[in-house]
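The values are calculated or read from the model by the stated rules, or taken from the named source; none is laboratory data. From a predicted model like this one, the values you see are computed outputs, not experimental measurements. All Cβ positions, glycine included, derive from the backbone under ideal geometry; neighbour counts span all protein chains shown.
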Amino acid sequence: MPSLRQVVRGTHGILEGFQIPDSRLEAEVMVMNTMRMPRQDLFANQETEVSPQQEQELAEIIERRRKREPLAYILGYKEFYGITLLVNSNVLIPRPETESMVEHALFMALMGMETAELVIADVGTGTGAIAINLAIHLPAAQIYAMDLTDEVLDVASYNVRAHNVADRIMLLKGDLLEPLPQPVDLIVANLPYVPSQRIPTLQPEIQWEPRQALDGGEEGLDQIRRLLEQAAGSPLEDGDGGRLPGRLKDIGIILLELDPEQVPAVKEMADRLFPGAETSVEPDISQRDRIFVINRGQMLSP
Ligand SMILES: C[S@@+](CC[C@H](N)C(=O)[O-])C[C@H]1O[C@@H](n2cnc3c(N)ncnc32)[C@H](O)[C@@H]1O
């Protein structure tokens, strides 16, 4: 039977041959999962033998990966901001750049809100990645986590229960802020923002992810525009139905994840819908302008 060392090396070579990015790391993760072994054991037990059943299991993973199915879907989980989340093909795989949204939301909540119990909305929650981390780190916060379908909310619900925050996260089904029962202090939203025509040009793994999690319409801004209108309670264009009750409190903050190219267009929308609010842009972990902040009141300037 081959040793762990040989199997990792062989898997790495196969993945490299398929031109899988980060093939060394992926090979190690695949073998760790097949062997049900934490990372440190993989290196400490390099001469351990790999059984034929384990080799077969690994071969099945490699075959799925050959078709460029994302590793997170194959394994059924993804690490995000220090927690493990269940994922399946109904939800977007949480990205490292979104961890910066969590960082900024926590910074603002912890530094800016001294007494009140925060009410937060995570719009387009997917796995629940953002909402769950906010609930873990903000024990007094009440969080609404919203998405469009039962299939997505089933995944979020599993993750919310797995991380013991079900008492503070209320899952709601519906379009953007519509299901919210009350105005909130903080809106965090990583909505679809890829322009429709760009999606087919992106890497093969992304094609496995749900279109409703990626497709932001022609400019990529359809959902963000509608979210800002709902939050403000007024349309950008006259004749779209007049004023509605706004969903953001008078001193509230909105954090949006977007593409750096979209910053000027979103700033223009924010200036029109929230006159007098401060806007700013914060970098993600790769130092790209990724988080757009609309600060309506005196909570805190970032
Ligand atoms: C880019 S994914 C983000 C998922 C998760 N928040 C994250 O950061 O990993 C966008 C999410 O928004 C949801 N979504 C798209 N349009 C929506 C809408 N009109 N109302 C509510 N959710 C929507 C999608 O189903 C998807 O789960």
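Summary of computed values
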read-out	value
Unique residue being more than 11 Å from the ligand (Cβ to nearest atom), assigned to a strand (DSSP E or B) and acidic (Asp, Glu) when the list is ASP167, ASP185, ASP154	ASP185
Subset of segment 188-198 that is part of a loop (DSSP other than H, G, I, E, B) and touching a strand residue (DSSP E or B) at 6+ places or on another chain (Cβ under 8 Å) - its residue that is surrounded by the most Cβ atoms within 10 Å (Cβ to Cβ)	ASN190
Lone qualifier among ILE285, ILE224 - being touching a residue at least 40 places away in the same chain (Cβ under 8 Å), β-branched (Val, Ile, Thr) and surrounded by 17 or more Cβ atoms within 10 Å (Cβ to Cβ)	ILE224
Residue match in segment 267-279 (condition: within 16 Å of the ligand (Cβ to nearest atom), at pLDDT 95 or above and not in a loop (DSSP other than H, G, I, E, B))	no
Test set (1) without any contact (Cβ under 8 Å) to a residue 24 or more places away in the chain; (2) within 28 Å of ILE74 (Cα to Cα) - GLU151 fails condition number	(1)
Pairs with Cβ under 6 Å, 6+ apart, first in segment 195-216 and farther than 23 Å from PHE18 by Cβ, second within 11 Å of the ligand (Cβ to nearest atom) and in a helix (DSSP H, G or I)	GLY216/ASP222; GLY216/GLN223
Some residue of segment 64-76 being crowded, with 16+ Cβ neighbours inside 10 Å, more than 12 Å from the ligand (Cβ to nearest atom), within 21 Å of ASP147 (Cα to Cα) and aromatic (Phe, Trp, Tyr)	yes
ALA213, sole failed condition from (1) over 18 Å from LEU255 (Cα atoms); (2) not in a loop (DSSP other than H, G, I, E, B)	(1)
Listing of helices (runs of 4 or more DSSP H) fully contained in segment 28-98 that carry 1 or more residues being at pLDDT 95 or above	52-66, 71-75
Filter result for LEU256 (hydrophobic (A, V, I, L, M, F, W, C), modelled with pLDDT of 95 or more and in a strand (DSSP E or B))	yes
ILE120 vs. criteria in contact with a strand residue (DSSP E or B) (Cβ under 6 Å, 6 or more places away or on another chain) and within 15 Å of the ligand (Cβ to nearest atom)	yes
Some residue of segment 126-133 being away from the ligand (no atom under 14 Å from the Cβ) and either touching a helix residue (DSSP H, G or I) at 6+ places or on another chain (Cβ under 7 Å) or assigned to a helix (DSSP H, G or I) (or both)	no
Check on ARG24, at positive phi and charged (D, E, K, R)	no
First in segment 231-253 and of a type in the set (S, T, N, Q), second anywhere and modelled with pLDDT under 85, Cβ under 9 Å, 6 or more apart	SER234/ASP240; SER234/GLY242; SER234/ARG243; SER234/LEU244; SER234/GLY246
